[in-house]
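This report concerns only the one structure given below.
The values are calculated or read from the model by the stated rules, or taken from the named source; none is laboratory data. All figures in this text were calculated on a predicted structure; none of them were measured in a lab. A quick note on method: Cβ atoms are made from the backbone with ideal geometry, for glycine too, and the neighbour counts reach across all protein chains shown.
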Ligand code: PEP
Ligand code: MN
């Protein structure tokens with residue numbers, strides 16, 4: 001439930017609303033806005049009797065949030081959330097942000113080379129997993145902590161920001177310490193205990209849609225992060241499992257406008273995992289930008305044929321450079337622009 005205060009309501013009136021919410025046994029979340037202040041009521045399991053709140057001085061209206069997710073909904077917050085990162089990079093504003101890099105961090109040379117190549121093409125965030133969720137326990141599992149150190153070195157040399165996945169509580173602590181964005185992968189989208197920890201980690205979180213998750217489930221998982229106090233959440237459409245084996249996953253482009261309608265959170269697209277096929281990544285990345293995605297995450301490897309994971313969907317660096325040229329034109333056509341890399345380490 002959302003208690004919207006009148007324009008010009010006094011701090012005392014806002015405080016009174018907070019106290020009454022707390023007396024009723026719920027938590028209050030004041031949200032000062034440019035036009036007016038609202039106070040969110042959370043912690044309720046069902047409909048709350050609003051009569052005590054409606055009559056308080058300074059209260060303009062009480063809105064019952066109709067969705068099962070509250071704080072991530074557009075009803076709760078009409079303006080888009082802009083997730084700000086160091087160096088002026090922002091997800092959810094006018095700019096479209098490119099995250100690129102290999103599926104896994106493999107070697108010092110591989111990640112530094114990949115970082116330079118994606119930066120030159122126009123990415124501002126470097127991706128690369130140090131811990132990899134693999135279907136088979138015999139497949140490459142990632143370098144672990146040394147992989148994080150290589151990512152930190154790549155950031156130092158190129159100025160790119162770092163986005164990398166955390167798979168468990170211990171790893172999340174390390175990732176949150178080092179990375180600029182903590183990635184929660186598709187397989188962990190409903191790992192609720194991990195989500196709660198990520199909600200308190202103090203870094204922006206990239207939450208990927210689960211392999212068979214509905215948009216509502218994705219938004220409910222994001223609600224876990226906001227409920228713990230982390231409002232810097234970026235959603236990611238990465239395809240869902242389907243009956244059709246023509247592609248690795250069914251890349252759900254519609255999820256982008258659907259999420260934008262239901263939620264104020266930014267959403268980016270990952271056409272690499274969404275399609276699983278290198279030659280399908282490029283058209284789907286273009287389409288995602290045209291559909292309004294706030295960014296793209298693309299797997300790029302200096303030598304995809306030798307990649308230790310996801311080589312078949314990894315772009316060659318020159319393909320990524322071409323894609324970025326196309327994406328700039330598409331972004332401009334819809335009144336946006338692609339965020340450009342800072343001059344560090346150029
Ligand atoms: C990844 O980004 O490397 C990854 C494993 O993605 P997903 O969780 O979407 O499968
Ligand atoms: Mn991958």
If we scan the stretch 159-168, do we find a residue that is in contact with a helix residue (DSSP H, G or I) (Cβ under 7 Å, 6 or more places away or on another chain) and part of a helix (DSSP H, G or I)? no
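Conditions tested, residue by residue: (1) more than 16 Å from ligand 2 (Cβ to nearest atom); (2) over 30 Å from residue 139 (Cβ atoms); (3) touching a helix residue (DSSP H, G or I) at 6+ places or on another chain (Cβ under 8 Å).
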site: 267; (1), (2), (3): yes, no, yes
site: 302; (1), (2), (3): no, no, yes
site: 320; (1), (2), (3): no, no, yes
site: 334; (1), (2), (3): yes, yes, yes
Which one is surrounded by the most Cβ atoms within 10 Å (Cβ to Cβ), of the residues in the stretch 231-246 that are assigned to a loop (DSSP other than H, G, I, E, B) and within 14 Å of ligand 1 (Cβ to nearest atom)? 239
Out of contact with any helix residue (DSSP H, G or I) (no Cβ under 8 Å at 6 or more places or on another chain) and outside the structural domain of residue 220 (by TED's automatic domain parsing) - does that describe any residue in the stretch 68-76? yes
Would it be correct to say that residue 170 is free of Cβ contacts under 8 Å to residues at least 12 places away in the same chain, away from ligand 1 (no atom under 15 Å from the Cβ), under 17 Å from residue 252 (Cα atoms) and surrounded by fewer than 20 Cβ atoms within 10 Å (Cβ to Cβ)? no
Identify, from the list 195, 218, 206, 226, the residue that is more than 16 Å from ligand 2 (Cβ to nearest atom) and within 17 Å of residue 273 (Cβ to Cβ). 218
Every residue from the stretch 205-218 that is outside any strand (DSSP E or B) and crowded, with 24+ Cβ neighbours inside 10 Å: 209, 218
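Yes or no, residue by residue, for (1) over 17 Å from the mean Cα position of the chain (by Cα); (2) assigned to a loop (DSSP other than H, G, I, E, B); (3) at pLDDT 95 or above:
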{"position": "66", "(1), (2), (3)": "yes, yes, no"}
{"position": "78", "(1), (2), (3)": "yes, yes, no"}
{"position": "93", "(1), (2), (3)": "no, yes, yes"}
{"position": "97", "(1), (2), (3)": "no, no, yes"}
{"position": "100", "(1), (2), (3)": "no, no, yes"}
{"position": "106", "(1), (2), (3)": "yes, yes, yes"}
Note on residue 179: of the conditions (1) more than 16 Å from the chain's Cα centre (by Cα); (2) away from ligand 2 (no atom under 13 Å from the Cβ), unmet is (1)
Mind telling me which of the residues 291, 269, 312 ends up being within 16 Å of ligand 1 (Cβ to nearest atom), at negative phi, surrounded by fewer than 20 Cβ atoms within 10 Å (Cβ to Cβ) and free of Cβ contacts under 8 Å to residues at least 40 places away in the same chain? 312
State yes or no: is residue 113 in the same structural domain as residue 319 (by TED's automatic domain parsing), over 18 Å from the mean Cα position of the chain (by Cα) and surrounded by fewer than 18 Cβ atoms within 10 Å (Cβ to Cβ)? yes
Criterion (in contact with a strand residue (DSSP E or B) (Cβ under 8 Å, 6 or more places away or on another chain) and within 24 Å of residue 328 (Cβ to Cβ)) met by exactly one of 286, 278: 278
Residues that are assigned by TED's automatic domain parsing to the domain that holds residue 273 and loosely packed, with under 14 Cβ neighbours inside 10 Å: does the stretch 302-309 have at least one? yes
Based on what the data block shows, is residue 310 under 22 Å from residue 183 (Cβ atoms) and modelled with pLDDT of 95 or more? yes
